[in-house]
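**Q** Encoded as structure tokens, here's the structure I'll be asking about.
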Amino acid sequence: MYLTYTSRMMECRRDGYEEGISIGLEQGLERGAYQKALETARSMLEDGFPVSTVSKYTSLPLETVQQLQREVSPEP
């Protein structure tokens, strides 16, 4: 009975570890994709693309792109 319990605990720990790695990898990929979209949006705004176009092609919310626009070309 002790060995069964110990084996089960080790199995649960391994499963939790693998799940944690999977979740972490997924979150990392999402974060990386978001950062790349922000970089692309900044470049597009610096090249003069309209905010609506940048939002459409980067899939970033319009509000986010508008904030980036203010950062890229602050008003005097």
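**Q** Rounding to the nearest 10 and keeping the result within 0 to 90°, find how far the Cα-based axis of helix 62-72 lies from the longest principal axis of the chain.
**A** 60
**Q** By how many nm would the segment from Tyr5 to Lys36 lengthen if fully extended, with 0.36 nm per residue of separation less the alpha-carbon distance?
**A** My answer for the length gained is 6.5 nm.
**Q** Continuing with this model, one more query. Determine, from the Cβ-Cβ distance of Lys56 and Leu29 and an R0 of 30 Å, the FRET efficiency 1/(1 + (r/R0)^6), rounded to the nearest 0.05.
**A** According to the calculation, E is roughly 0.85.
**Q** What number, rounded to the nearest 500 deg cm²/dmol, is the helix-based mean residue ellipticity at 222 nm of the chain, given -39500 (n - 2.57) per DSSP H run of at least four residues and division by all its residues?
**A** The helix contribution divided over the chain gives -29500 deg cm²/dmol.
**Q** How high is the relative contact order of the chain? Use alpha-carbon pairs under 8 Å, at least six apart in sequence, and give a whole percent.
**A** 23
Every read-out reported here was derived from the displayed coordinates using simple, explicitly stated rules and does not represent laboratory data. Only a predicted model underlies this, so the values are computations on that prediction, with no experimental measurement involved. Cβ sites come from the backbone with ideal geometry, for glycine too, and all protein chains shown count toward neighbours.
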